[in-house]
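Chemist: Mind looking over this structure? Questions follow.
The values are calculated or read from the model by the stated rules, or taken from the named source; none is laboratory data. Model, not experiment: these values are computed from the prediction. We place every Cβ from the backbone using ideal geometry, glycine too, and count neighbours over all the protein chains shown. Ligands, DNA and RNA are stripped out before the accessible areas are found, and what is left, the full protein with its side chains, is counted by its heavy atoms. Shrake-Rupley method; radii C 1.70, N 1.55, O 1.52, S 1.80 Å.
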Amino acid sequence: MPSLGADMEAGTLVEWRIAPGQHVHRGDVVALVETEKGIIDIESFEEGLVERLIVQPGSRVPVGTALAVFAGEAAAPQDAGAAPPQPATAAATAATAGRERAPRASPAARAKAVALGIDLASIPDRGPQGFITLQDVERAAGRPGAAPVAPPTAASRGTVRTAIGAAMSRSKREIPHYYLRLAMDFTAAARWLERYNEARAVPERLLSTVLLIKASARAAGAVLGFNGYFGVNGFEPSQAVHVGVAIALRGGGLVAPAILDANQKPLATIMLELHDLVGRVRSGHMRSGELAAATLTVTSLGEEGVDSLYPIIYPPQVAIIGFGSVLERPWAVAGRVEARPVLNLTLAADHRVSDGRQGAQFLARIRDALLRPEEL
Amino acid sequence: MSPPTSVASLESQVLALLVDIAPDVDPAAVRPEQPFRDQFDFDSMDFFNFAAALHQHFGLDIPERDYPQLTSLAGCIAYLRQRLPGGAAP
């Protein structure tokens, strides 16, 4: 069961999309899993032949549980549909720290566990010999966590709130946040966008969020200390810049799936992907790869009139950028005060990784990129 | 599609587009004068989709500067009546 974010502790396997004997390619959807965020398409990050399926549809299992075994992996089962490359590994490590991935167990216990659809790693009671016995497995089968549950329906909103609460509590407990704010004259970007959109029919136009995502991605690729993960070995910078975008769920809650390699994509591509992402977030067809992939997150409150927001870092990431509403404000230009569209950029960053000085450079980079929108 | 000829027809078409974008919207409960944003969490992407749907459905080119007129149901109807050839008919 892959971790689809720091706020996920368990998931319910809804449906298998693969069968034993089938050849699976990287990126194929292997299963549907229900989480607090809805039903997610789990993609394989490996290529191989499916040997057997371990977890039965309807079972709710903790993050880190092996779901299926690919041929040649029997000795150390891995999550077939698991973890997209980098991020989920980090997330899964954090979520399941201290738990062995392939616990020792007797052959009878292993066979029984497979038959019952129980992951051996989820069994806490080890016998005196230090390995899992048949009795341990049978006892575990009676535990609520391991027992099959009725096939789920729509995700309940109450649990989204609980999941967000858990992730944000963890963030505030573990991450020493610092905050910076920078106000900028948004005239150049607004004018550029206006001209760009004027020449295009509605479906080809850009939202200003797209400029913010691209500018942030560029800066994250250029200034060290804001793009990557904080894991057991400290900060692991990421080469790739996958920008998580906070998207509100209807009826409350939010998720932050990623636009992959946002620093290298043209604005029109980012717009298309954002459009697609928002649609799937709201219709419930997110993919595991994009849910756990973000190397940093951006969030914006849109046009509600809030000029600055002070976001909380989404672990194991180390920074989050907030964009307020663009509002007309007095702005000093060459000794005179003029009315200008003003945008406030805020940064919450992890003090274990960076200092305010680097944070200031990072925000200044984003501003400078937005001052030259034609180069984005 | 033949041009819409009455306010009622325009309204039902606009509501259908709206429900298409936000399936949880109850068309009977939409308050005509109140901005969509305040009624059902319409964000910038929803509005983008809505404008694109109006563009496609009515075959209209809608410049961005007209967007403020489209933020409520009543605003949309007034705008469409003014822009569509047969839209002004009762």
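Chemist: What single numbered condition from (1) touching a helix residue (DSSP H, G or I) at 6+ places or on another chain (Cβ under 6 Å); (2) within 14 Å of another protein chain (Cβ to nearest Cβ); (3) not aromatic (Phe, Trp, Tyr) fails to hold for A:Leu272?
Modeler: (1)
Chemist: If you don't mind, another one. Residues that are of a type in the set (Lys, Arg) and in the same structural domain as A:Ile213 (by TED's automatic domain parsing): find the strands (runs of 3 or more DSSP E) completely inside segment A:282-376 holding 1 or more of those.
Modeler: By residue number, A:327-333, A:336-350.
Chemist: Return the residue satisfying two criteria in turn: it lies in segment A:224-239 and is surrounded by 19 or more Cβ atoms within 10 Å (Cβ to Cβ) and not aromatic (Phe, Trp, Tyr), and of such residues it is nearest to the other protein chains (Cβ to nearest Cβ).
Modeler: Out of the qualifying residues, it is A:Asn227.
Chemist: Going by the conditions given, is A:Thr269 under 27 Å from A:Asp7 (Cα atoms) and of a type outside the set (A, V, I, L, M, F, W, C)? Break it down stepwise before answering.
Modeler: On the way: under 27 Å from A:Asp7 (Cα atoms): no; of a type outside the set (A, V, I, L, M, F, W, C): yes.
No.
Chemist: Here is a follow-up. Return yes when B:Phe47 is at pLDDT 90 or above, within 11 Å of chain A (Cβ to nearest Cβ) and more than 17 Å from B:Leu10 (Cα to Cα) and no when it is not.
Modeler: Yes; evaluated as a whole, the condition is true for this residue.
Chemist: Filter segment A:136-166 down to residues that are crowded, with 17+ Cβ neighbours inside 10 Å and assigned to a helix (DSSP H, G or I) and give me whichever is modelled with the highest pLDDT.
Modeler: A:Ile164
Chemist: Turning to a different aspect of this structure: Before we move on, is B:Phe58 more than 10 Å from every other protein chain (Cβ to nearest Cβ) and of a type in the set (Phe, Trp, Tyr)?
Modeler: Here the answer is yes, as B:Phe58 does meet what is asked.
Chemist: From the residues in segment A:204-220 that are of a type in the set (A, V, I, L, M, F, W, C) and away from every other protein chain (no Cβ under 14 Å), which one is surrounded by the fewest Cβ atoms within 10 Å (Cβ to Cβ)?
Modeler: A:Ala219
Chemist: Follow-up. Quick check, is B:Leu80 under 24 Å from A:Val210 (Cβ atoms), part of a helix (DSSP H, G or I) and either open to solvent by less than 30 Å² (accessible area, probe 1.4 Å) or touching a Cys at 6+ places or on another chain (Cβ under 7 Å) (or both)?
Modeler: Taking the combined requirement at face value, the residue does not satisfy it.
Chemist: Name the pairs: first residue in segment A:212-225 and over 11 Å from A:Asp261 (Cβ atoms), second residue among the hydroxyl-bearing types (Ser, Thr, Tyr) and open to solvent by 20 Å² or more (accessible area, probe 1.4 Å), Cβ to Cβ under 9 Å, at least 6 apart or on different chains?
Modeler: If the second residue must be among the hydroxyl-bearing types (Ser, Thr, Tyr) and open to solvent by 20 Å² or more (accessible area, probe 1.4 Å), the pairs left are A:Leu212/A:Ser300; A:Ala220/A:Ser238.
Chemist: Right, next: List pairs: first residue in segment B:5-24 and within 14 Å of chain A (Cβ to nearest Cβ) and part of a helix (DSSP H, G or I), second residue of a type in the set (A, V, I, L, M) and surrounded by 13 or more Cβ atoms within 10 Å (Cβ to Cβ) anywhere in the structure, Cβ distance under 6 angstrom, at least six positions apart or on different chains.
Modeler: Partner pairs satisfying both residue conditions: B:Leu17/B:Ala53; B:Leu18/B:Val25; B:Val19/B:Val25.
Chemist: Sort out which residues of segment A:160-203 are touching a strand residue (DSSP E or B) at 6+ places or on another chain (Cβ under 9 Å) and within 14 Å of chain B (Cβ to nearest Cβ), and write them in order of number.
Modeler: A:Ala190, the sole residue that qualifies.
Chemist: Looking at segment B:16-34, which of its residues are open to solvent by 20 Å² or more (accessible area, probe 1.4 Å) and either touching a Pro at 6+ places or on another chain (Cβ under 7 Å) or modelled with pLDDT of 90 or more (or both)?
Modeler: Initial filter on segment B:16-34 (open to solvent by 20 Å² or more (accessible area, probe 1.4 Å)): B:16-17, B:19-21, B:23-24, B:26-29, B:31-34.
Passing the criteria: B:Ala16, B:Leu17, B:Val19, B:Arg31, B:Pro32, B:Glu33, B:Gln34.
Chemist: Considering only segment A:332-349, state which residues are more than 22 Å from A:Ala215 (Cα to Cα) and out of contact with any Pro (no Cβ under 6 Å at 6 or more places or on another chain).
Modeler: Within segment A:332-349, A:Ala332, A:Val333, A:Ala334, A:Gly335, A:Arg336, A:Glu338, A:Ala339 qualify.
Chemist: Take B:Phe42 and decide whether it is part of a helix (DSSP H, G or I) and surrounded by 15 or more Cβ atoms within 10 Å (Cβ to Cβ). Step through it out loud before you land on a result.
Modeler: Values: part of a helix (DSSP H, G or I): no; surrounded by 15 or more Cβ atoms within 10 Å (Cβ to Cβ): yes.
No; evaluated as a whole, the condition is false for this residue.
Chemist: OK, next. Inside segment B:61-74, can you point out the residues that are buried (at least 18 other Cβ atoms within 10 Å of the Cβ) and more than 8 Å from chain A (Cβ to nearest Cβ)?
Modeler: Across segment B:61-74, the qualifying residues are B:Leu70, B:Ser72, B:Leu73.
Chemist: What number of residues within segment A:174-187 satisfy the criterion of being open to solvent by less than 40 Å² (accessible area, probe 1.4 Å) and among the aliphatic types (A, V, I, L, M)?
Modeler: So the count comes out to 3.
Chemist: Which strands (runs of 3 or more DSSP E) sit wholly inside segment A:25-101 and have at least 2 residues that are under 21 Å from A:Ala6 (Cβ atoms), at pLDDT below 85 and not assigned by TED's automatic domain parsing to the domain that holds A:Gly228?
Modeler: Strands (runs of 3 or more DSSP E) meeting the threshold: A:29-35, A:38-43.
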